[in-house]
1. What are the residues whose amide H is under 5 Å from the amide H of VAL392, where those residues sit 5 or more places off or on another chain and H is modelled from the backbone?
2. I need the shape label for the stretch 1-182. Rule: rounded when a/c is under 1.5, else prolate if a/b > b/c, else oblate, with a, b, c from the alpha carbon gyration tensor.
3. Show the residues, 5+ positions off or on another chain, whose built amide H is closer than 5 Å to the amide H of HIS230.
4. Show me, for the stretch 286-302, the HN-Hα J-couplings you get by feeding each phi into the Karplus relation (A = 6.51, B = -1.76, C = 1.60, θ = phi - 60°), rounded to Hz, glycine and proline as x.
5. Please give me, ordered by residue number, the trypsin sites (Lys or Arg not before Pro) of the stretch 119-164 that lie in loop per DSSP and have at most 16 other Cβ atoms within 10 Å.
6. Which residue, PRO301, PRO144, PRO129, has the most motion in a Gaussian network model of the chain that connects Cα atoms within less than 10 Å?
7. Sorted from fewest to most neighbouring beta carbons within 10 Å, what does the list SER287, SER78 look like?
8. To the nearest 20 debye, what is the magnitude of the charge dipole of the chain about its Cα centre, counting +1 on the Cβ of each Lys and Arg and -1 on the Cβ of each Asp and Glu?
Amino acid sequence: MTEGHVSTDAEVEFAERDRLTIGDAIRCVTPLGWIVLVAGVVLLVGGTAFGWLELIGIGGVLVGVFAAAVPFTIGRESFGVQVELEPRRVRVGDRALGRLQVTNLGERRVLPTRLALPVGHATAEFSVPQLAPDETHEDLFAVPTSRRAVIEAGPARSLRGDPLGLLERSTRWTGVLELFVHPRTVRLTAQVAGLLRDLEGVTGERITDDDLAFHALRPYESGDDRRNIHWRTSARTGLLMVRQFQETRRSQANVLQTLEAAAYASEDEFELAVEVLASLTQELIRSGVAVSALTQNGRLPTRAVSSMLDGSSRLEARTASSPSLRDFIALSVRRLPQASIVFLVCGSATTDAQLGQLQSVYAADVTLVVFRCAIGHPASRTRLRETVVCTVPELDDLPRLVRETRVRA
């Protein structure tokens, strides 16, 4: 949870900071500092060339002011900085707090300084007072969690500079911490269990040599498992006969979401789709069902609910052109295990014509259920040929839609 430099690492960094390179020095000059320095030099050169004492005086003042700012950036810093986030995983809207701790690891009192800490897209600045040797200063800060995201906190940098802002020396003290803001989810335990019971144990059309549902007998062929020989029939016919079985369907659920921005009417609709994806996958994992989840960015981890939610926090809408929805579904067939049921999450801009092309990608015994997120539309459940299409206007409508969905085995 904590990232900060211990004393040994800090001492190494202090030695490096004592040997400032030319590049380090150049980076200390702020835009205002460059204006003052360049203007001072130009006025000095121009005044000397033309004999204008006024220009020489102004130029000398500007260069002198710049030179007076240099001592503010000189000196060895000896801080130990720690940044903590608690908790590291929250739901949208939950409270998340951070703690910044600065310790003077040197042998002398240090002057007040400023410390900058990037948090997400903003940067927080903290005022650190004078610190005696081994003295510690702490600051608490709140992290906004109003939107699903992975929020990076750090690296923390100390800022030293002159009062006019001509020079500023930045020193990095920590790495980057990640705060996962998970999407909202709803529980679907009973609903998902009922839906999967419709499929579990149903026999398919595929014939196999090893299963539970007996189909027929056929003549023995080299390589057949002798345990499947039906001895009574073999004795009656004089030929070795072996049993054949119909493959029994086992629950393997694949959950897909298209990230194409064109499939959604708004950003809020995309967020609703992520929440539906997370809710479905979460319950499948908790039910002990074999489940895989896929977007155009790749597979989401499904070994544990927490890792799946971490992955869903990173999902973003794609605006670049990419293969069609049907091509994405075909890719999922190649990359994921063979499924008995597939859940597809999309937006209201996904048309019936697009959805109508998808069932043909799958084998006849695979059930496709589409959750089309459409804010402002009535919740409904329809059939498009063999595909079940559920319209989800709000996340709270999802449990009822799943409960009312029945698949044809």
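What follows draws every value from the coordinates through simple rules; no lab data is involved. Since the model is a prediction, treat every value here as computed from it, not as a measurement. Neighbour counts run over all protein chains shown; Cβ positions are idealised from the backbone, glycine included.
1. Correct list: ARG372, CYS373, ALA374.
2. Prolate is the answer for the stretch 1-182, as a/c is 1.5 or above and a/b outweighs b/c.
3. HN-HN under 5 Å from HIS230: MET241, VAL242, ARG243.
4. Going residue by residue, I get 5, 7, x, 7, 5, 9, 10, 10, 9, 10, 5, 7, x, 7, 8, x, 10 Hz, with x marking Gly and Pro.
5. Loop-located and lightly packed - ARG147.
6. Highest fluctuation among the options: PRO129.
7. Fewest-to-most ranking of SER287, SER78: SER287, SER78.
8. 1600
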